[in-house]
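Encoded as structure tokens, the structure appears first; notes follow it.
Please treat every number below as a calculation from the coordinates, not as lab data. Quick caveat: nothing in here was measured; it's all calculated off a predicted structure.
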Amino acid sequence: MAALHIVNKADALPDCLPLLADGDALLLIEDGVYAACADIDANAPCHALADDLEARGLMNRIVNAIEILSYDGFVELVERHRPVVTWSR
């Protein structure tokens, strides 16, 4: 099964990106959603948590390649991926 990489601090993203493998997914949460405002060179689908984007006033600033997820979408990602790896600094 492919991994889910959860990034909760934007400055942890460069550590995560080189380790993404085929089938993995990337989820930006908490302060990690600031990375959704720039192009992310990832070989995996990229998602961002809607509530965290809204809380930081970023909903209208994210790039098109980022899929916005609700908490239900977050749970679905966790259910479909193993392991779940959290990246933070």
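Based on DSSP H segments of at least four residues, each scored -39500 (n - 2.57), the chain has a per-residue ellipticity at 222 nm of -5500 deg cm²/dmol. How far, in degrees from 0 to 90, does helix 71-80 lean away from the longest principal axis of the Cα atoms of the chain, to the nearest 10? Between helix and principal axis, roughly 10 degrees.
Remark: the chain projects, on average over all directions, an area of 5.0 nm² (convex hull of Cα atoms). Scanning residues 5 or more positions from Asp24 or on other chains, those with amide H under 5 Å from its amide H are Ala3, with H placed 1.01 Å from N in the peptide plane. Shown in residue order for the stretch 50-66 are the 3J(HN,Hα) couplings computed by the Karplus curve 6.51 cos²θ - 1.76 cosθ + 1.60 at θ = phi - 60°: 4, 4, 6, 4, 5, 4, 9, x, 9, 4, 8, 10, 7, 7, 5, 6, 8 Hz (x for Gly and Pro).
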